[in-house]
Each structure stands twice: as C-alpha cells, then as structure tokens.
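Everything on this sheet refers to the single structure shown next.
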Amino acid sequence: MSMNEALRDNNKNIFLSIEVIVFIILVINFVLTLQSAGTILNKLLNFLIFLFAGLYILISSTTKKKIGFIIIKPIKEILLLSFIFFIIASTLFSQIQYKELGSTDYVYHDGAIQTEIAFDYIKSGKNPYSETYYNTLLEEKEGYIFNGNWYLNPALEHYIYLPATFFISGSFNAIQKAIAGWSDLRILNFIYLLGSLIILWKIVGNHPLRNLVIILFALNPFFLRYFLEGRNDIIVLFWILAAFYLLLKNRFLISGLLFGIALSTKQFAWIFIPFILAFFMQKNSPDKKVSTNNLLKFIIPASIIAILFITPFVIWDISSFIDDTILYASGSSSGLNYPITGYGFSQIVTFFGVQAEESFPFWIIMAAVGLPVLFFMLKRVRAKGTIESIIVNTTIFILFTFLFSRFLNNNYLAFISQLLIIWLAFILGGLKSETANKTQIAKENLLE
C-alpha cells in the first residue's frame, strides 16, 4: 500500500469515527429530551430508535465494501435516510395525534395556528393583516409568562409572517384536510425538511462527510425541538437552500424564482439581498457584463414573485401590513408590540427595569453595530465570490445584528446553526469539485 493510499484510508477512518460519534450523541439527546417514554408506544419507539442506531453503527464500522453480494455503502445510506424519516415522523405523528385527540398536553406553536386562521380569513375575503385574532383558536395561547409577569399574546393583534407563508401552507392544509379529514402544518414542514436533506445530499456529493452533514441538519437538537412544535423556520431555509443550489448550477432564472418565494415567506430572506448583490459584483469576475446579465436573470424573477405575493396586501391595507410585518417586531406598533425578550442585549435592558412591552430604540444600537459589520461582510463576499461566502457572511451579520435587537429568540439561534450546516455543505461540495478537477488535470497530463 502506498503512502497516499494509507493516508486516504486514515482520513476515511477519521471521517467515519466523527460521523458515528456525532450520530450517537444526537440520537441519545433526541431520546432523552424530545421523545417521551410515558406510554407503551413511546417505549417501543425508543427501543426501535436505538435498534436502528445500533445497526447503522454496526454497518458503518465495517471496513469491507461488500459482504457476499451486498454492497455496504448504499445499504448504509438507505438505513440512515430511513432512520431519519422514522425518528422524526414517529415523534411528529405522535404529537399530532395528541392534538387531534384533544389532549391538554399537546404542543403546537401559535404561529402555526395563526397561519391556519390567516388562510381561513383569505378564503372568507378578510385581510389577515387588518384583522385581529381574538375569538379564534389562537386564544388558546392567550398569554405567556415572562420574568414572572403575565402578558397578553401580541400575536392576537398581529400576523408577522409574509403572504407566501399562509398561501402555500394554507393551500396544502386544505388539500390535506380534504383527503385525510384532519390537517396540521407540520406535515408540510416535514416535507420541506425532507426536500432540504435531498438538496444537501446533492450539494455535498460523494464527499466522505456527506452523511455527517445530513445527520447534523436533520438531528440538530436546537432546531429539531422547535421544528417538532410547528415553528416554520424550515420554510424559508428550504427556499433559500433550493435557490442557492440552483445558483451554484448557474440556473439564475429558476434560482431567482425560488428566492422570490423565500422573500415572500419570512423577513429573514431579505437580509440575504445585499450579500447576493455583492456576489454578482465580485471582484474576480472576468466579465462584468456577464455578471450584470446574470444578476438581472436572478433579480427580476425574484422581484416579480415577491411583488405578486406582497403588493396586493400593501394596496389592500398598507398601514396594517407595515404595522404587522415591520413595526410590530421593532416595538413601534400602534397596538401590542413584540416583547423585549431573547438571549442578547435585550436581557440586559430588561435587567435594568425596561418592561417587556415597552418601546426601546434598539434600532440605533443595531445600526451602529450592524452597518460596519455589513460593510466588512460585503467586502468579504465580493472578494471570495462564492455561494458559501454569501451564507457564512450573512449568518455572521444576522448574529451580530440580532444580538442587539429587541429579541434574539431561541429558534433564531437554531436557524443560525442550520445556516452554518448549509455553509459546511457548500464548502464540502466545493472541495469535491476541486478534487475532481485536479484528478481530471492529472489524467490529462498523464495522457500527454
């Protein structure tokens, strides 16, 4: 065996050991924190989860490529994907069952309930941004406790998500209800998660760490906790990921269309706009005209889709739309405001006596910190000119900016962690491409 082959085998073993260790840690964490063992069904599910996990580790640890006529690699990958599907779907459906049976212990995020109501408003000709959500199912989530004080849920007066959220999710829910007789937005979110895993699989390609990326994204404990209760961050993650994958393939028009949907679901997608513009204006571009044409191919369809979703509600009631989607989150609403909460500078503000529902000029601090960070991050994107540079620099900007915002919620931190996993996927995909190019060049040199 040559030194290069020995080094390659050694690297493969290191990658494999990292994958197996991370896998079993995340599985144990899932069972101990997210999967209850209170009923016989839950106990059976926990047993099957560990049985699946053991089989995966057993197959992963073998050094053989084949056992008889069975090829190990596809069996391992099928087992991994089946395991992820089983572990999430079983837990998700058990929680949905609690809800459908009317259990008082069920967990279902108020944003999901509100999105269902928003779609019902549209069907009856009402504007989800003009209406309040009193005297609806959302009143089950009427209030919350913060710092020992009880507060009225401000979502009763505001719908913060953008129109594509309730149009797409609500339409799927209506179809699901017609077919199954019941509906739950988490089913569509699960489909978004599976779609995201497929895209990540394609991005990473045959790199030895591909399974690790899939494991991290699917079983990320910070993200999965909020996914299971129905928070909708996976929606915007999916559309951004799909858009960037097609951007990587130079499919600018379709990428722009998908990014337009992202822009119409959650405001997080808006933050990516300056970084994408910097990507198209990269310093290393040999032909500025080509970059400009590609930018137009991307930005025009993205703008059209966003305009089609958002403009009708701006025309319908611009003050209510701005109040719900912008002013409410910034603490400047004419009604109830989003509370000062989270894990950032807001904690310090409330410690010094500012009440959670009060207005506070966080935007001044955000601008003072965010603008220099934005300038520096955009320079980095222009210098690198890669998709992964868009992702990591946008993520850093989000972290620093929201650290000084009115709220840095738990699911926002989970969202940031998922973006970093996506960043890793694009890096590994780039390394795979570089290796393939070097191999091709080496072969051509040998032929010469």
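Each reported figure results from applying straightforward, stated rules to the coordinates on display, with no laboratory input. Being a predicted model, the structure only gives us computed values, none of them experimental. Cβ coordinates were reconstructed from backbone atoms using ideal geometry, including for glycine residues, and neighbour counts include every protein chain displayed.
Which net charge results for the neighbourhood of Leu246, defined as the other residues with beta-carbon distances under 13 angstrom from its beta-carbon, given Lys and Arg at +1 and Asp and Glu at -1? Don't jump to the answer; show the numbers that get you there.
Numbers: positive: Lys202, Lys249, Arg251, Lys297; negative: none.
Local net charge: +4.
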### Task
With unit charges on the beta carbon (Lys/Arg positive, Asp/Glu negative), name the residue among Leu258, Phe217, Leu246 whose Cα is farthest towards the positive pole of the charge dipole of the stretch 193-447.
Leu246
### Relative contact order, percent, the chain [alpha-carbon distance under 8 Å, six or more residues apart]
16
## Note on the structure
Taking only the Cα positions of the stretch 193-447, the convex hull volume per residue in Å³ is 146
### Message
Taking amide H atoms as placed 1.01 Å from N in the peptide plane, list the residues 5 or more away in sequence, or in a different chain, whose amide H sits under 5 Å from that of Leu408.
### Response
Thr341, Gly342, Tyr343, Gly344
### Query
By the scheme Lys and Arg +1, Asp and Glu -1, what is the net charge of all other residues having a beta-carbon under 15 Å from that of Pro221?
0
### Task
Mind putting a number on the dipole of the stretch 246-339 about its Cα centre? Charges go on the C-beta only, +1 for Lys and Arg and -1 for Asp and Glu, and I need it in Debye to the nearest 20.
640
### Task
Would you calculate, for the chain, the mean residue ellipticity at 222 nm contributed by helices, counting each DSSP H stretch of 4 or more residues as -39,500 (n - 2.57) and dividing by all residues, to the nearest 500?
-23500 deg cm²/dmol
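Any idea what the dipole of the chain comes to, in debye rounded to 20, about its Cα centre with Lys/Arg Cβ at +1 and Asp/Glu Cβ at -1?
Working: 33 positive and 27 negative charges, 428 e Å.
Value, rounded to 20: 2060 debye.
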### Task
Show me 266-276, 74-84 ranked by packing, highest mean number of other Cβ atoms within 10 Å first.
266-276, 74-84
### Cross-link pairs Lys76/Lys266; Lys99/Lys123; Lys65/Lys202 - those with Cα-Cα distance over 26 Å
Lys76/Lys266
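Quick check: convex hull over the Cα atoms of the chain, volume per residue in Å³, rounded to an integer? Numbers along the way, then the final one.
Details: hull volume 83.8 nm³, N = 448.
Normalising the Cα hull of the chain by residue number yields 187 Å³.
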